[in-house]
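Novice: One structure is given below, represented as C-alpha cells, and several questions about it will come after.
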Amino acid sequence: MTPVTQLPTPPSISSRDPGLIDPAVRQIRDLIYKVSGIYNAEEKLYLLVDGCGKRMKQLGVRTIREYWDHLTAHPSRDGELRLLLNEITIGETCLFRAQSQLDALRKMILKEFIADKSRQAVKKIRVWSAGCSTGEEPYTLAMSLLEESEGLLKGWQFEITATDLNDRSVETAKLGTYGDYALRNTTDYFKRKYFTPAEDGKLQVRPEIKKYITFNRLNLTDDSKMLFMKGMDLICCCNVLIYFDGASKARVINHFYSDLNYGGYFFLGTSESLLGMTDKFHLVHFPGTIAYWKPMLQGGKP
Amino acid sequence: MTVTLAPDIRERVSRIETTPAIPAILLPLLRLLKTPAEQVDLDEVVRLVSYDKAIAAQCVRVASSPLFGLAKPPSSISGVVVSLGLKRIESILLTCCMGQAFPVSKWDLDPVVFWKHSLGCAMVCRKFSEKLAGADPEKAYMAGLLHDIGFLANCMVYSKEFAEAVRVAMDEQIPLGEAELAVMGFTHCETGRAIAEQWKMEEDIIQVVAHHHDVENCESDHALVAIVHLCDLLCRMRGLGYGYYERRKADLLHDPAWAILEKVHEELQGMDLARFTFEMDDSVIEVSELVSMVFSRSNA
C-alpha cells in the first residue's frame, strides 16, 4: 500500500499573479526590448501597463490587443512606439538614479583608471554625460567624484562634458535647480554639502560644482562633431539610444567606442542593453549593473 | 588533477553525519538521486516524501507555487509525485530537505542569506540550462542548490575560523572563498568535496562542489561545472549573493568557463547575456518567495 498523506489546500503563494497580466503586455515588453534594448522586468511590468494605458486613452483604444495592433500593424507604428517609450522612461530622471553604477565607479572603476593612467603627465579623468537632459546625471557624477577628491582622486583632476540635443534642456541643466521629485534619491548629506536653497522650496547646485561641468548642445548623429569628443574615460548615455533606429544607433555606438580611451567604460540605463550591436565592447557585470568596457590593447598599456 | 584533502578536513567533516540536524530522509534521497530513472520505484519516492510530515507539507506547498508549475493544488503526496514527474519531485524534495538540514544556532552565515544564494543559483542554473540544447535543467538545479554545501560544513566543524572568514569577507568586500583561503588556508570547495564524497553524491555533483571556482581544474563534467560557475557569478552580481557588496567585476563572456561551455553548446554564441541578466531580476522575487516557503517550519 502506498501511504498517502492527505493535505490541506496550500495557501496562495504569490500576490503577483501572472494570470492577471494580459499576455499582450509581455508581447509589448518583448517588442520594446527588440527595438530599443529597454527591458521591463516582471516587477516593473505595471509601469509598462500604465504607459500603455495612457497611450490607449489618447488614441481612444480600448483593449491592449488593439493597442498591440497600433504598435505593429498601424502605419504610424514607429511614432507610436516612440511615444510609448517616452511614457515609460519619462519618470526616471532624477539625481542619484543609478546607485549601482555610482558604486561601481567609486569602488572599482576609478581604481582601474588611476592604475591605467598613473604614468601620464596630466592626472585627469574625463567623463561625458551624453544626453544629459536637464542636468541630473552630470551633477550626480560631479558630486560622486568630488566625494573621492580627498581619497582616491587626491592629486587628480576631472572634467565632465554634458551634452543634449535639446537647447531648452541644456539651459535648464545649467541652472541646476531641482525640486523634491528630482531629489528623491538624494540624501541629506549630499543636499547639505552640494546645494543651496532656491525659491519655491527647491534646491540649487552650488556654483563651485558647476565649474567641473561643461554643458553643450550636441546631436549624437552629427558625425563631424562626434569625432571631436576624444579621450573619454567614461561615457554615460541613459535612455537615449532607445530612440535611434538600428543604423544610427550602430553609428553612435561606434563613435562612443572610438571616443573612449582604452580601458574606458560605457554605461547605459540600468535596464538597457546594446542588443549585441557591437562585439568591440566587453559586456561586464558589476554588482547590480552591467557596463560596456573598451578592453586594453593586447600587451597591456594603451 | 586530483585534489588531495587534508585528512583532518575529512575526519572533521565525517562527524557531521551523526548530528541530529540532518533530516533522516536526506541520505536515502541522495541515494535515490543516483538511481537511473527507469529503475526508480515511484512508491518508494512517495514513501520517502511522506516520511517526514513537515517536509511533506512543505513539498506540496513548494510544488504548488508558480515556480514549479503545478497549476492545481494536489490533494495527496502521490498526486504531487505523479503530476510533477520524478525529476521535479526530486528537486523539490532536496530543496525542502536541505532547507531543514542545519541547526540555526551554529550559523556564522545568515541561513536565510545562504539559502537565498543556493536557491537563487539553483533556479538560475535551471533557467540557463533551458537555453542549452541537451543540457539537463533539473540536474543543473540540483548542482546549483548544492554547490556551496561546503559552507555548511564550515559552519558546523570550523565555526570559529569560518566566522572570522565571514567577517573578513564582509569588511573587505571580497569573495568569501578568498577570505576563507586567507584565514583558514582552505575553502568551502574542499570541505564541500569531503561532505559530498562522504554522502556519496553523484560524481558530477562532487565535481561542481569541488571546482565551481576553478572550472579548468575539474576532472570531468566540465559543462555542468561551468554552468554553475557562471550562474553563481551572475547571482552574486544581481542581488542573490551573500548579502554584502562584493567589490568585483565579472566578464562572463571572456571567462574560461564560457569558452568551455561554448565548446559543448554552440548556441551559447547567440545568447543575449544582457537580457538574461535582466530576466534574472525576476528570479530575485521568486527566490525570496521560495526561501520563505522552505523556511517556514509550520506543518501547514
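The values are calculated or read from the model by the stated rules, or taken from the named source; none is laboratory data. What you are looking at is a predicted structure, and each value in this text was computed from that prediction instead of being measured. Positions of Cβ are backbone-derived with ideal geometry, glycine not excepted, and every protein chain shown enters the neighbour counts.
Novice: Of A:Ile242, A:Ile253, which residue is out of contact with any Asp or Glu (no Cβ under 9 Å at 6 or more places or on another chain), within 14 Å of chain B (Cβ to nearest Cβ) and either surrounded by fewer than 22 Cβ atoms within 10 Å (Cβ to Cβ) or not small (Gly, Ala, Ser) (or both)?
Specialist: That would be A:Ile253, the only listed residue that is out of contact with any Asp or Glu (no Cβ under 9 Å at 6 or more places or on another chain), within 14 Å of chain B (Cβ to nearest Cβ) and either surrounded by fewer than 22 Cβ atoms within 10 Å (Cβ to Cβ) or not small (Gly, Ala, Ser) (or both).
Novice: Scan B:Ala140, B:Ala135, B:Ala169, B:Ala101 and give me the residue that is surrounded by 24 or more Cβ atoms within 10 Å (Cβ to Cβ) and in contact (Cβ under 8 Å) with a residue 24 or more places away in the chain.
Specialist: B:Ala140
Novice: If you don't mind, another one. Residues B:Ile195, B:Ile206, B:Ile227: which one is touching a residue at least 40 places away in the same chain (Cβ under 8 Å), farther than 30 Å from A:Arg29 by Cβ, away from chain A (no Cβ under 11 Å) and crowded, with 21+ Cβ neighbours inside 10 Å?
Specialist: Exactly one of B:Ile195, B:Ile206, B:Ile227 is touching a residue at least 40 places away in the same chain (Cβ under 8 Å), farther than 30 Å from A:Arg29 by Cβ, away from chain A (no Cβ under 11 Å) and crowded, with 21+ Cβ neighbours inside 10 Å, namely B:Ile195.
Novice: Now for a different question. Considering only segment A:72-100, state which residues are farther than 22 Å from A:Lys57 by Cα and away from chain B (no Cβ under 13 Å).
Specialist: A:Thr93, A:Cys94, A:Leu95, A:Phe96, A:Arg97, A:Ala98
Novice: Another one. Quickly run through segment B:162-199 and pick out the residues that are over 30 Å from A:Phe286 (Cβ atoms) and either of a type in the set (D, E, K, R) or not assigned by TED's automatic domain parsing to the domain that holds B:Tyr242 (or both).
Specialist: The answer is B:Arg193, B:Glu197.
Novice: Just checking, which of A:Leu152, A:Leu110, A:Leu141 is crowded, with 21+ Cβ neighbours inside 10 Å and within 14 Å of chain B (Cβ to nearest Cβ)?
Specialist: It is A:Leu110.
Novice: For residues in segment B:66-85 being facing chain A (nearest Cβ under 7 Å) and surrounded by 19 or more Cβ atoms within 10 Å (Cβ to Cβ), which is modelled with the lowest pLDDT?
Specialist: B:Ile77
Novice: Could you tell me which residue of segment B:239-284 is farthest from B:Phe128 (Cα to Cα), considering only residues that are among the charged types (D, E, K, R) and more than 7 Å from every other protein chain (Cβ to nearest Cβ)?
Specialist: Checking each candidate, the answer is B:Arg248.
Novice: Let me ask something else. Restricting attention to segment B:195-226, and to residues there that are in contact with a Gly (Cβ under 8 Å, 6 or more places away or on another chain) and part of a helix (DSSP H, G or I), which single residue is farthest from B:Ala257 (Cα to Cα)?
Specialist: The selected residue is B:Ile195.
Novice: Going through segment B:169-209 one residue at a time, which ones are hydrophobic (A, V, I, L, M, F, W, C) and more than 23 Å from B:Tyr244 (Cα to Cα)?
Specialist: B:Ala194, B:Ile195, B:Ala196, B:Trp199, B:Met201, B:Ile205, B:Ile206, B:Val208
Novice: Pairs needed: first member in segment A:245-265, farther than 16 Å from A:Asn219 by Cβ; second member anywhere, assigned to a helix (DSSP H, G or I) and among the β-branched types (Val, Ile, Thr); C-beta distance under 8 Å; at least 6 residues apart or different chains.
Specialist: Sorted first by the residue in segment A:245-265, then by its partner, the pairs are A:Tyr265/A:Ile109.
Novice: Which members of segment A:222-239 meet the condition of being surrounded by 15 or more Cβ atoms within 10 Å (Cβ to Cβ) and either of a type in the set (Lys, Arg) or closer than 18 Å to A:Arg82 by Cα (or both)?
Specialist: Across segment A:222-239, the qualifying residues are A:Lys225, A:Cys237, A:Cys238, A:Asn239.
Novice: So, one more: Give segment A:256-276 a look and list any residue that's closer than 16 Å to A:Phe113 by Cα, within 14 Å of another protein chain (Cβ to nearest Cβ) and among the hydrophobic types (A, V, I, L, M, F, W, C), or say none.
Specialist: Of everything in segment A:256-276, those that are closer than 16 Å to A:Phe113 by Cα, within 14 Å of another protein chain (Cβ to nearest Cβ) and among the hydrophobic types (A, V, I, L, M, F, W, C) turn out to be A:Phe266, A:Phe267.
Novice: Something else now. Quickly run through segment B:235-251 and pick out the residues that are touching a helix residue (DSSP H, G or I) at 6+ places or on another chain (Cβ under 6 Å) and outside any loop (DSSP other than H, G, I, E, B).
Specialist: Across segment B:235-251, the qualifying residues are B:Cys235, B:Ala250.
Novice: Looking only at helices (runs of 4 or more DSSP H) that lie completely in segment A:55-126, which have at least 2 residues being of a type in the set (Lys, Arg) and more than 20 Å from A:Pro295 (Cα to Cα)?
Specialist: Fully inside segment A:55-126 and qualifying: A:77-89.
Novice: Counting only residues that are at negative phi and not in a helix (DSSP H, G or I), which one in segment A:36-54 is surrounded by the fewest Cβ atoms within 10 Å (Cβ to Cβ)?
Specialist: A:Ala41
Novice: Could you say whether any residue in segment A:165-180 is β-branched (Val, Ile, Thr), touching a strand residue (DSSP E or B) at 6+ places or on another chain (Cβ under 9 Å) and within 14 Å of chain B (Cβ to nearest Cβ)?
Specialist: No.
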